[in-house]
Amino acid sequence: MVQRHNSKRVHILAIDGGGIRGLIPAMVLAELERRTGRPVCRLFDLIAGTSTGAILALALAKPGPDGEPHYAAEQIVRFYETEGPRIFRRTQLGRWFAAGWLAEEKYPDAGLEAALGRCFGETPLRQALCDVIVTSYETERRFPFFFKSRHARIRPDYDFPMRLVARAACAAPTYFEPLRLFTDGPREYYSLIDGGVYANNPALCAYAEARVAWPECEDVLLVSLGTGELTQPLLYSQARRWGLAGWARRILQVVQDGVSATVDYQLQQLLPPGADGARRYWRFQVRLKRGNEALDNVRPENLRELKLLAETLIRDRGGELDQLVQALAPHSQ
């Protein structure tokens, strides 16, 4: 069992899905590490992630050879900048076969799997330095599938390599193929896709997990990081004529954006300030500009714009970040 920092209050971090837009929460976390002087996994008892947020969650909790965190958040920022173009890359032949997404997934798996292999190696989930929960969805059994480090520590059949956990979490429909994750022999497996289809914002899942894992806890502090709020309108005059093919290109983002906003509202109601007025729920989110909304826009100019959005968020909400640092202080000792 990972040692908790504070027996009375659980600190939770939840990170949304959003493809290359994971660069935004990565930069916020790098700033949080700078201000606290502590790695993220020492500030939180539980980190939850969906899709790109799963990569962040697992990377932040991955141990190095010395037992300390393998990656600082700033290194994960560079991961997005260097690996993003390799992950979201297609050959000309692949473009021809895909025929505009309708024949097969938009991207081959090789780039994603190679990047995750370089990031995680064979590190097993059980070795996470703090508790981690990652969302996925099982397509054959038809149920939400949660990878939980607390289960991996006691169930060898549930202890998968982090690279495969991240691969399952990132199998966004129309972008990447599902992952067939074998367990208990060659004939038994899970068929897994991106958990963003039901929990693009995993904060509520994380809150429920904390209440189950630590029923004795008296209070919760939850920090939720978004990857950008969609702003481009889907005009009725256009949407009414899209049909199956037209909606196939857009429905995933509609679902993800709606889920993220809904969970934010729910947690505002569930975690109001405490009796002493102390804030218990924090949501850091930006409004995207047209052109920034794609999950796979890895052009250098877009990466720069995403970084500028993160820098603006950090600057405009610097006072709130200072307050958060103070709230996290008992975990920072």
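The values are calculated or read from the model by the stated rules, or taken from the named source; none is laboratory data. Note that the structure is predicted; figures quoted are calculated from it, not measured. Note that we place each Cβ from the backbone using ideal geometry, even for glycine, and neighbour counts take in every protein chain shown. Just the protein is used for accessible areas: all its heavy atoms, side chains included, with ligands, DNA and RNA removed. Shrake-Rupley method; radii C 1.70, N 1.55, O 1.52, S 1.80 Å.
At a probe radius of 1.4 angstrom, the accessible area of the chain per residue rounds to 45 square angstrom.
Each of 151, 70, 11 has its accessible area taken with a 1.4 Å probe; listed largest first, they run 70, 151, 11.
Does the stretch 174-277 come out rounded, prolate or oblate by the C-alpha gyration tensor, with a ≥ b ≥ c the root eigenvalues, rounded set by a/c under 1.5 and, if not, prolate when a/b is larger than b/c and oblate if not?
oblate
Where (1) 30.4; (2) 18.9; (3) 17.7 are the candidate values, the label of the one calculated here for mean projected area of the Cα convex hull in nm² is (3). Scoring 277-284, 52-59, 202-209, 135-142 by mean Cβ neighbours within 10 Å over their residues and listing the highest first yields 52-59, 202-209, 135-142, 277-284.
Judged by the ratio a/c of the largest to the smallest principal axis of the C-alpha gyration tensor, the stretch 147-209 counts as oblate, that ratio being 1.5 or greater while a/b is no larger than b/c.
With K and R counted +1 and D and E -1, the other residues having a Cβ less than 13 Å from that of residue 302 yield a net charge of +1. Each Lys or Arg adds one and each Asp or Glu takes one away; over the other residues whose Cβ falls under 13 Å from the Cβ of residue 132, this sums to +1.
Count the DSSP beta bridges whose two residues both fall in the chain, then state the antiparallel fraction as a percent rounded to the nearest 5.
Here the share of antiparallel DSSP bridges comes out near 40 percent.
Close amide H pairs (under 5 Å, H built 1.01 Å from N) link residue 229 with 286, 287, 288, residues at least 5 positions away or on another chain. Solvent-accessible area assigned to carbon and sulfur over the chain amounts to 52 percent, based on a 1.4 Å probe. Residue-normalised convex hull volume from the C-alpha trace of the stretch 231-333: 157 Å³ per residue.
In the complete set of protein chains, residue-level accessible area for residue 106 is approximately 40 Å², probe 1.4 angstrom. Applying a length cut-off of 27 Å (Cα extent along the axis) and a mean Kyte-Doolittle floor of -0.5 to the DSSP H helices of the chain leaves 251-270.
Taking a Cβ cut-off of under 13 Å around residue 200, the surrounding Lys, Arg, Asp and Glu residues balance to a net charge of -4, with basic ones at +1 and acidic ones at -1.
Pairs with C-alpha atoms separated by more than 29 Å, drawn from the list 148/289; 8/289; 62/307; 8/62, are 148/289; 8/289.
Charged side chains reduced to their Cβ positions (Lys and Arg at +1, Asp and Glu at -1) give the chain a dipole of some 560 debye around its Cα centre. Taking amide H as placed 1.01 Å from N in the peptide plane, the amide H of residue 281 sits under 5 Å from that of 222, each at least 5 places away or on another chain.
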